[in-house]
Structures are given as structure tokens and as C-alpha cells.
1. At 0.36 nm per residue, and after removing the present C-alpha to C-alpha distance, how many nm does the segment from E21 to S303 gain when stretched out fully?
2. Mind jotting down the three principal axis lengths of segment 228-323 based on Cα atoms? Whole angstrom, largest first.
3. Scan around A235 for amide H atoms under 5 Å from its own, H built in the peptide plane at 1.01 Å from N, and keep only partners 5 or more places away or cross-chain.
4. Run the paramagnetic zone check for D208: 7 angstrom along Cα to Cβ, then residues of segment 262-277 with backbone nitrogen under 20 Å.
5. Mind listing the phi-derived Karplus ³J(HN,Hα) values for segment 182-193, rounded to whole Hz, using 6.51, -1.76 and 1.60 with θ = phi - 60°, and x for any glycine or proline?
6. Work out from phi, with θ = phi - 60° and the Karplus expression 6.51 cos²θ - 1.76 cosθ + 1.60, the ³J(HN,Hα) of each residue of segment 194-202, listed in order in whole Hz, and give x for Gly and Pro.
7. GluC sites (Glu not before Pro) within segment 251-292: which are DSSP loop residues with at most 16 other Cβ atoms inside 10 Å?
8. Sequence gap at least 6, Cα distance under 8 Å: using those rules, report the relative contact order of segment 244-298 to the nearest whole percent.
Amino acid sequence: MASEPQTRATHDSYLWDGSGEPDREIQRLELALGRFRQSQLAPALPAILVPAQPLRWWSHIALNPWTPRLAAALLVLSSIGCGLWLARSPSRPAVARNGWDVEVISAAQQSESSDAGVAKKSERLELGETLETNASTKASVAVAEIGRIEVEPMTRLRLLQSGAGRKRIALDRGTIHATIWAPPGQFVVDTPSAVAVDLGCMYTLHVDDSGSGLLRTTLGWVGFHRDGHESFIPAGAACPTQVKSGPGTPYFEDASDGFRSALAQLGSSELNRASRKSALDLVLREARKRDAFTLWHLLPRVSTGERPSVTTALPRWFPLRQV
């Protein structure tokens, strides 16, 4: 008889690329969700929309039989939503393609509702350089021609890549608010625990002193990945990330406190079997229809023995038929 790790690996292979031993619970889901399958090919994107150096993790997801049409739909919807939002936004300033313009603001005593008494200083952030704010300063950074980053106090970031292709920074610690109007995949943020890939258009990313953090999406979608662990975070949702384990399971921020607390427990590698069962039971009990998004992300994060509980919960909103 195959060992538990071997069995789990075999089923995980079926989940991600269709190989290995079929998982009956996943087959039930495939059959139930098949009526939502797109029968037409996704529209071809212009060459200019394709990043110069495609991300390996994105290529892996694109080949996944579970996600290609879902990912394409997310990108199209995200681009449409961002386009509508940007059409109503102020015109974007033209800036240099390499170094980025930075406006440093000293406003320790300033009210959030007024610009009075604010000292501003214009700087340039060149490739390889570091921007660091202290307790009484913040900054606004023009991300070449594709967006803007608002930098909170006590934040340190570095400019890694710019020019005509992908824009990339490293956020070592602190908090940024990113507003990006570029095609998906062109703005990337490295953190000590995960890599954030903008799929359009607005999000907040915080990294604490340990390197762990939290990503919260305001508009559009953001991809979070590291070492084969991927998460998609839509508007209204958040996703934690840990130095040891990478991206966690995303959740909508209006989920119940019990749901979010139990979900965080499931992300711990130190939880014993009884505690994991209790936490998973609570997640499934508290889940709403929109939280099926979280349960979908849970599927590759739970063991083979736990997975049937997750797939059994989904028929509350998606009727399943026997294979």
C-alpha cells in the first residue's frame, strides 16, 4: 500500500496537471462545474501586453487544466475594470523610463485632510538605489509611465528593474499602496516571503520586520507566489504570507472572525491532527457562498484525507453529480 505522502503526491499531480491517480472528489467537481466551461478561445492579447520575460510561476498556472480559462477571464475582467476606472481618473504624468521620480513628504504633524504645512522634496530613485522613509516622512513614487506607489513611514524599498519592460521593486519592510494601470504582469514586488504580481489595479502590501506580511486588494486582482505556492487575491480580499511557508490562503475581509481565525490556524505547520480537524470544521461551517473562492484555494493546501471535507462543502452552492 502506498504511503500517505506518496498518495497525496499522486492526487496532487492529478489536481494540478491531470496526471497521476484520479481523485474522485476532484472529478466530481470537474463534472459539476463543467457547465460553466467557456466554449470559445480566449481573445489573443496584442504582443505589447506580453511581459518581456514571462514569470515561471505564471507559465505553470497557464498550463494547469484547472485554471487557464479562469485566469484568462480574470485578466480580461481586470483589464476592463481598470480601464473604466482609469478613464475617470486624472491624466497620468509623463516621466522618464528608467529612474523614477520621488516626492518625499515631511508631515509629522499634518492632518490627513489638509496639505497645509507640508514640506515636500523632489528626488530621483535610480536602478539599484534604496528609498527609505523614517517615522515622520512618507513618499509618492511615479512608477515610470505605468502607475504610482504611495510609501508609508518606516518603509524601505529598492528599485530592481525598470525601462521599457517589466517594473520591479523589492519591499524589505513597511507599507506601500500601489496604483497600477499597466497590462497584467508588468509590475512586480519582491518581499522576503513572497512575490506580488499586479494583475490590475490597486492594492496595499505590508511587510513586517520578520519578513512576513499581508496583501489587501482594493481594485482588480493581484497574484502572490513562492516555490510553487500561488494565490489570487481579488478586490475586497486579503492574503497573508509567512517567511517559512510563503503565501497563505486568501479570504474576503468581510468573512467572520471565526472563519479567518481558523483559516490562519490551518496555515500553521505546528497544528496537531485534532486541532487541524477542529479548525477545518469551523472554516467549512462558517463559509458563505462567496467563500467558495477560499475553499478552492484550500484544495491543494490540505492533505488527501482532509480534501473530501472541502469538496463535500462546495455542493451547498454548486450541485454535484456522481461520476
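Just so it is clear, none of the values below were taken in a lab; they were calculated from the coordinates. Remember, predicted model here, so these are calculated numbers, not experimental data. Cβ coordinates were reconstructed from backbone atoms using ideal geometry, including for glycine residues, and neighbour counts include every protein chain displayed.
1. 100.0 nm
2. Principal axes ranked by extent give 40, 33, 28 Å for the Cα atoms.
3. Here the answer is G220, since their amide H atoms fall under 5 Å of that of A235.
4. Answer for this model: 262-271.
5. 7, x, x, x, 8, 10, 10, 10, 8, 10, x, 10
6. Along segment 194-202, the couplings run 6, 10, 9, 10, 6, 10, x, 9, 9 Hz.
7. E253, E270
8. RCO, segment 244-298: 48 percent.
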